[in-house]
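Written out below as structure tokens is the structure these notes cover.
The values are calculated or read from the model by the stated rules, or taken from the named source; none is laboratory data. Here the structure is a predicted model, which is why all the values come from computation and not from measurement. Cβ atoms come from the backbone with ideal geometry, glycine included; neighbour counts cover every protein chain shown. With ligands, DNA and RNA removed, areas are computed over all heavy atoms of the protein, side chains included. Shrake-Rupley method; radii C 1.70, N 1.55, O 1.52, S 1.80 Å.
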Amino acid sequence: MKPAQRTEADFPTINDDGTLSAIVDDAPWAVAGALLLPVRVPATLPAEQLAGRYFLARCTEATPWARAHDWTLPLRRTLYVADRRALVAEDGGAERWRLTAALGDDAGLHWLSERAPGTRINLIGPLGSGFDLPLTTRSLLVLAEPARLPALLPLVHAALDRGGHVAVLLRDAAPLDPDLLRLLPMAVETRQAGDDEEWLGQLGALARWADYAALALPAALLPGAAMQIKAGRLRLDRGFAHVLADVPLPCTTGACHGCLVALGNGRQTRSCVHGPVFDLAELVRL
């Protein structure tokens with residue numbers, strides 16, 4: 001029996017207003033407090049510097065009526081790019097992307113986590129400035145909380161594809177979720193630290209080894225991390241470490257000021273305009 005012929009409704013589209021109508025490609029799932037949402041999007045989307053780039057998802061049904069009338073969860077939720085799969089010809093020029101966010105107790109993200117395969121989600125993106133992994137990187141250090149680690153996976157794969165080495169240091173006292181470890185390639189060295197002394201001790205040693213560091217940590221941990229990097233390397237050079245800011249990104253235009261990030265010089269900047277990835281040396285005062 002021949003498979004049913006697909007219609008235009010089976011494919012992701014770019015809407016007249018510039019938003020995307022993405023299709024949930026598989027059941028969303030939670031790993032170590034992170035939402036992982038597989039979607040199909042049009043293959044025409046730009047795909048450079050995926051780590052740190054994000055989409056804004058509208059948490060209502062992706063129908064014209066709902067987009068115009070349903071404001072149950074008015075603010076869009078931020079979903080970072082976890083990976084991008086190659087073009088699938090039979091899907092009519094669609095690509096499979098996996099998006100991620102730290103779930104927490106956010107009602108909008110939990111709404112997204114309940115979407116069934118084949119349903120549509122209205123997205124804006126990709127947005128923001130992502131991590132730009134230097135071509136000279138041979139040793140990549142990733143510092144993250146488990147729920148935010150999937151947002152840095154594109155960096156991990158990029159470094160390994162170049163023949164580099166990757167070490168991941170997770171800041172968490174709980175036992176590591178085996179499903180989180182399965183997201184990492186076998187070549188990745190994974191470490192964990194649950195208290196400040198152990199965390200800073202491992203960080204100092206790894207900072208001396210690394211050519212480049214990527215961080216996805218709460219703002220409160222950044223000064224300590226910067227000081228330990230400086231102690232291990234005798235300096236904190238611009239360009240050595242970049243941070244995925246831990247702030248909401250409600251509007252993407254800089255109008256709401258909900259994404260302000262404190263700089264080391266005492267000023268603030270808007271993450272949606274100038275980020276969400278920042279040089280660690282700009283965020284701390286040493």
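If you roll a 1.4 Å probe over the stretch 116-163 with all protein chains in place, what percent of the accessible area is carbon or sulfur?
Taking all protein chains in place, the stretch 116-163 shows 57 percent carbon and sulfur surface.
Quick one, can you get me the convex hull of the C-alpha atoms of the stretch 127-286 expressed as volume per residue in Å³? The partial results should precede the final answer.
On the way: hull volume 17.9 nm³, N = 160.
Convex hull of Cα atoms, per residue: 112 Å³.
Return the FRET efficiency for the residue pair I124, E198: r is the Cβ-Cβ distance, R0 is 35 Å, and the value is rounded to the nearest 0.05.
Once the sixth-power term is evaluated, E becomes 0.30.
Given points 7 Å out from each Cα along the Cα-Cβ axis, report the T44 to S139 separation in nanometres with one decimal.
4.5
Provide the percentage of antiparallel DSSP beta bridges, counting only those with both residues in the chain; round to the nearest 5.
Antiparallel bridges: around 65 percent, rounded to the nearest 5.
Kindly identify the stretch 155-234 as rounded, prolate or oblate by the Cα gyration tensor criterion: order the square roots of the eigenvalues as a ≥ b ≥ c, call it rounded if a/c is under 1.5, otherwise compare a/b with b/c, prolate if a/b is larger, else oblate.
Oblate, because a/c is 1.5 or more while a/b does not exceed b/c.
Could you give log10 I(q)/I(0) at q = 0.16, 0.21, 0.24, 0.28 Å⁻¹ for the stretch 91-132, computed by the Debye formula over C-alpha point scatterers of equal weight, without solvent?
The Debye formula, applied to the Cα set alone, gives -0.62, -0.98, -1.15, -1.26.
Give me the dipole magnitude in Debye, nearest 20, for the chain about the Cα centre, with unit charges on the beta carbon: positive for Lys and Arg, negative for Asp and Glu. Could you put the intermediate results ahead of the total?
Values: 28 positive and 32 negative charges, 118 e Å.
Dipole about the Cα centre, nearest 20: 560 debye.
In the stretch 196-275, with Lys and Arg counted as +1 and Asp and Glu as -1 at Cβ, which of these residues, L206, A241, Q268, has the Cα nearest the positive end of the dipole, that is, farthest along it?
Of the listed residues, the answer is Q268.
Sequence gap at least 6, Cα distance under 8 Å: using those rules, report the relative contact order of the chain to the nearest whole percent.
17
Just to check I understand the Karplus step: with θ = phi - 60° and J = 6.51 cos²θ - 1.76 cosθ + 1.60, what whole-Hz values come out for the stretch 234-239, glycine and proline as x?
6, 6, 10, 6, 4, x
Sorted by packing (mean other beta-carbon atoms within 10 Å per residue), highest first, where do 49-62, 239-252 land? Don't skip to the end; give the middle numbers.
Values: 49-62: 22.5, 239-252: 20.9.
Result, highest mean first: 49-62, 239-252.
Stretch L181-A107 to full length: gain in nm at 0.36 nm per residue minus the Cα-Cα span?
On the way: separation 74, 0.36 × 74 = 26.64 nm, distance 2.66 nm.
Additional length available on full extension: 24.0 nm.
So, R0 is 41 Å and r is the distance between the beta-carbons of A116 and A174; what FRET efficiency does that work out to, to 0.05?
With a Förster radius of 41 Å, E is 0.85.
Classify the chain from the C-alpha gyration tensor, please: rounded if a/c falls under 1.5, else prolate or oblate depending on whether a/b exceeds b/c. Show your work: numbers first, answer last.
Values: a/c = 2.00, a/b = 1.59, b/c = 1.26.
Prolate, because a/c is 1.5 or more and a/b exceeds b/c.
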